[in-house]
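Take a look at the structure set out below.
Each value in this text was obtained by applying a stated rule to the coordinates, not by laboratory testing. The structure presented is a predicted model; accordingly, all values stated were derived computationally and were not measured. Here the Cβ is made from the backbone with ideal geometry for all residues, glycine too, and neighbour counts use every protein chain on show.
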């Protein structure tokens, strides 16, 4: 079963400097965690994301695209990174993510990825 794991860091819940980079010790801890998933053969891909101040959103409230530059005042949960993993079950994904060296206040969301066989056939 494939899962997308979303990191919602507490630090991104407030404004951070545009040149923000996580502390070296946090990067080292996360690197070791990521390496353990790679060695276990479950890691497909992963990346950290820059702060919302460097992002943009495109909304389609009227059907036409409207671009808003970050940061986004109304955002309560902002992504800081993601992993794609392939494990036997949802429970296995949970067990792996419980080992993540997350910081106080961080949130991890686990979402199963649809497989092509889960969609109805189209004519």
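Some points to look at:
- Tensor-based shape of region 41-102 (alpha-carbon gyration tensor, a/c under 1.5 rounded, otherwise prolate or oblate): prolate
- Simple spin-label estimate for residue 24 and residue 114 in nanometres, 7 Å along Cα-Cβ: 4.5 nm
- Between residue 79 and residue 95, the modelled label-to-label distance comes to 2.7 nm, taking each label 7 Å out from Cα in the direction of the beta carbon.
- Sites residue 16 and residue 61 - FRET efficiency at Förster radius 35 Å, r taken between beta-carbons, to 0.05: 0.80
- Set of region 84-102 residues, backbone N closer than 12 Å to the point 7 Å along the Cα-Cβ line of residue 1: 86-95
- Cα shape, region 75-123, gyration tensor, a/c 1.5 rule: oblate
- Cα gyration tensor shape of the chain, rounded if a/c is under 1.5, else prolate or oblate by comparing a/b with b/c: oblate
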